[in-house]
Amino acid sequence: MGGSLATTNVILGIMAAVSVLEALLIVGVGVAAYAVYRRVMMLVEGLERRHVEPAMARVNAILDDVKEVSAKVKDESERVDQAIRSTIDRVDDTADRVRTNVRAKTSWLVGVVRGLRVAIEGVLHADPRNEPPAGSTRVM
């Protein structure tokens, strides 16, 4: 049994050494991965500084300009809309006043024409029974 314990101890020693080597390898891979991560992040930050930040500054400037232009367009469209509404109101008011003035100034003419029409109809459609006989004289 003595020999089998020595063999077991040797095998356990080899397994412990391999476990230590594996642990060192995992730590080494972790350190290498961190170094690669740090380099990649430095590269990404450099790309952001050189390309993304200027592009974002231009995009933000364009968006600010668009915001200003859209605000001006909105203000101007509201102003034009108000001007059109007030012009339509004034045109309606003017049309009402013209209509009223034309009616007022032509009403006497309409009355005269209607009166003449009634008089002419009365003369043209006079009833012969109301006329005096032909030889008699009328006293007025």
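One table, with the values for the structure above:
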item: Dipole of region 7-87 [Lys/Arg +1, Asp/Glu -1 at C-beta], most positive-end residue of Met41, Ser70, Gly28; result: Gly28
item: Region 7-87 - charge dipole about Cα centre, Lys and Arg +1 at Cβ, Asp and Glu -1, debye rounded to 20; result: 160
item: Cα-based helix-to-principal-axis angle, 2-47 vs the chain, degrees rounded to 10; result: 30
item: In Hz, Karplus ³J(HN,Hα) per residue of region 99-108 (6.51, -1.76, 1.60; θ = phi - 60°; x = Gly, Pro); result: 4, 5, 5, 5, 5, 5, 7, 9, 5, 5
item: Stretchable slack from Val44 to Ala71, in nm (0.36 nm times residue separation minus alpha-carbon distance); result: 6.0 nm
item: Options (1) 0.96; (2) 1.95; (3) 1.00 - which one matches Rg/Rh (Cα atoms, Kirkwood Rh) as calculated here; result: (2)
item: Computed [θ] at 222 nm, helices only, for the chain once each DSSP H run of length n ≥ 4 contributes -39500 (n - 2.57); result: -32000 deg cm²/dmol
item: Potential lengthening between Leu24 and His125 on full extension [0.36 nm per residue; Cα-Cα distance subtracted]; result: 22.9 nm
item: Cα→Cβ-extended label distance, 7 Å offset, between Ile11 and Val102, nm; result: 12.1
item: Test item: Cα-centred dipole of the chain, Lys/Arg +1 and Asp/Glu -1 on Cβ, debye; result: 700
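Read-outs throughout are calculated quantities, based only on the coordinates presented, and are distinct from any laboratory measurement. Here the structure is a predicted model, which is why all the values come from computation and not from measurement. Here the Cβ is made from the backbone with ideal geometry for all residues, glycine too, and neighbour counts use every protein chain on show.
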